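What follows is a set of notes on a single structure, which appears directly below.
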Amino acid sequence: MPRDVYETVKSRCHAILRELYVHVASPIDGPGKQDFGDIDILLACPKDGSTDEQEGLSTVVKALGATRCIVNQGASSNLALPWPTLEPTPTPERNSSVSGAEAKDKHAEERYIQVDIHIFSSVKEMEWMLFRHGHGDIWSILGSVIRPYGLTVDEGSLWLRVPEIERSNKNRAKVFLTSEPSEVFEFVGLPIGTYFEEPFQDAQAMYEYVAQCPMFSVPPSEPAQDRKGASADDLEKLKSNDRRRMKQRPAFRSFFDEFVVQCRSAGRFSERRTSREQITEEAFARFNIEAEFKARRDAFLLERQKETIWNKLIKDSIPLPQGSEPEKIMYRSCLVKALKMIILEDDDSYGVRLDEGFKDGDGFYLFENVIDFVNRYQDKVGEAAIQRHNARYAEHMQAKEAKEAQAQAQQQGAGEC
C-alpha cells in the first residue's frame, strides 16, 4: 500500500485503540520506505483492566471494524480492514470504525489492508518489540555484525553464547544478559539518540549508525576478490537466514553489496576494534554472568568427556568376542559396565582403583589416566566383575528355589486340609 494510505489507516487505528489501551504504538519504519505490506500495532495495558487476551483481541476486532480476523498463537492476530478513502474524516470515537468511509471506486470494497495486532502483558515486553523491530532491517544487519562476537539478540533479550556449546545446542549455549533496550545500546556501543523517535533520513544514515558499533569492521579483501559486490569472506560469515535475507530484503542486501564495499574501497573500519574474548570479559563485568557462563560451559565439556570415555575409551577398547560364546559375551558386558562404574561413577566397590585419580584439579577427566587404567587393570576389573555377577546370579537362583519350595509347601498344606 502507498505511504498516504498507510499513514492514514495507521493514525485512525491508533486513535481508536488509544480509547482502549494506555500504550499504543507501531515500530518505526525503515528508512525511505514508500510501499507497505501491512501495519503493525502493539498494545499494552487495557484501560478496563482486563487480563483476558482473547477477549482483548475480540474487542480490538470490533473497534476497528475488521471484516476478517486470523488469531495466531499468543495475543496476536491479523485483521483485514476495508481499503479507506483519503478524504479528511473526523477523529473516530471509541466505537467508531475505520471502515466508515465509503470506497473511492467500485472496486475499493474488494480491497483490504492487513493490520497485525500484538497485545503484550507488560509495557516492558512491548518496548522490547518496538526496539527489536524498529527501523526495518537494522537488527538483521546488527545481528550479523555482533554474532561473530558471541552475541545474539532475539525476540526477548540479548544473550551471550558459550562458544564450546553453540554448535551442538544453540539454546543451551545462550546466557541471558539483558532485556532492557537502553542496556543493549550501551553494551554494543551505539547511541540511543532519536532511535525511538523518528526514522533514519535514508539507508546510508542507518548504515553509518550501525558502523558506530565497535564490533563492525571491514577487513581488506584479497586482490583477486570481486570488488563489485560483497566478498566471499563477507558472505561466508553469514548464517543461512542472513543469506536468505540477502535475496529478499533490499536494505539488508545493499548494506553488504554497497556500504561494506564502499567502506573497503575507502579503507574505513579496516582494523578490528575488539574481539570475542574482550566482549565476553565485558559481559562478565557488566552483567555478572561469569559464574553461570563457566558453570554451563564446564558442565557441557564434562558431559562430552564422559561420552568420549564411555564410547571410545571403554567400549571401543574392549573388543567384542569372536563367535557367540555366552560366557565371553557375558564377561565383556560385565567388564565394560564395571569400568564405567569405576571411572565415571567413582565406584570403588570392585576393589580396583587408580591412586592418582582420573580428574585434574578443575574436575575434568585426564584421558591419559583413563587409558592407562583400562590397559593396566582391565583383567583385574573383569575378574572382579564376573565374580560379582556369578555371586548375584547364585543368590538369585537360591531365592528363586526358596520361593518355589515355599509355594510347593503351601500347595501341599492346602491339599491336606
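Against the criterion of being more than 17 Å from residue 340 (Cβ to Cβ), in a loop (DSSP other than H, G, I, E, B) and not aliphatic (A, V, I, L, M), residue 401 does not qualify. Of all residues in region 354-373, one or more are in the same structural domain as residue 320 (by TED's automatic domain parsing) and at positive phi.
Considering region 20-44, the residues that are farther than 11 Å from residue 126 by Cβ and not in a loop (DSSP other than H, G, I, E, B) include one that is modelled with the lowest pLDDT, namely 35.
Within region 333-370, restricting attention to residues that are part of a helix (DSSP H, G or I) and of a type outside the set (A, V, I, L, M), the residue that is nearest to residue 383 (Cα to Cα) is 334.
Any residue in region 322-332 that is at negative phi, part of a strand (DSSP E or B) and under 45 Å from the mean Cα position of the chain (by Cα)? Among the residues of region 322-332, not one is at negative phi, part of a strand (DSSP E or B) and under 45 Å from the mean Cα position of the chain (by Cα), which makes the answer no. The set of residues in region 318-344 being at pLDDT 95 or above and either of a type in the set (Val, Ile, Thr) or within 28 Å of residue 298 (Cα to Cα) (or both) consists of 336, 337, 338, 339, 340, 341, 342, 343, 344.
Given the criteria closer than 30 Å to residue 160 by Cβ and within 38 Å of the chain's Cα centre (by Cα), does residue 358 qualify? Considered against the rule, which asks whether it is closer than 30 Å to residue 160 by Cβ and within 38 Å of the chain's Cα centre (by Cα), residue 358 comes out as no. The condition of being outside any loop (DSSP other than H, G, I, E, B) and either of a type in the set (Asp, Glu) or farther than 30 Å from residue 164 by Cα (or both) does not hold for residue 305.
Taken over region 308-321, residues that are loosely packed, with under 13 Cβ neighbours inside 10 Å and not in a helix (DSSP H, G or I) amount to 3. A count restricted to region 229-284 and to residues that are modelled with pLDDT of 85 or more, part of a loop (DSSP other than H, G, I, E, B) and not hydrophobic (A, V, I, L, M, F, W, C) stands at 8.
The values are calculated or read from the model by the stated rules, or taken from the named source; none is laboratory data. The shown structure was predicted, so the numbers you read here are calculated from the model rather than taken from an experiment. Every residue, glycine as well, gets a Cβ built from its backbone with ideal geometry; the counts of neighbours run over all protein chains shown.
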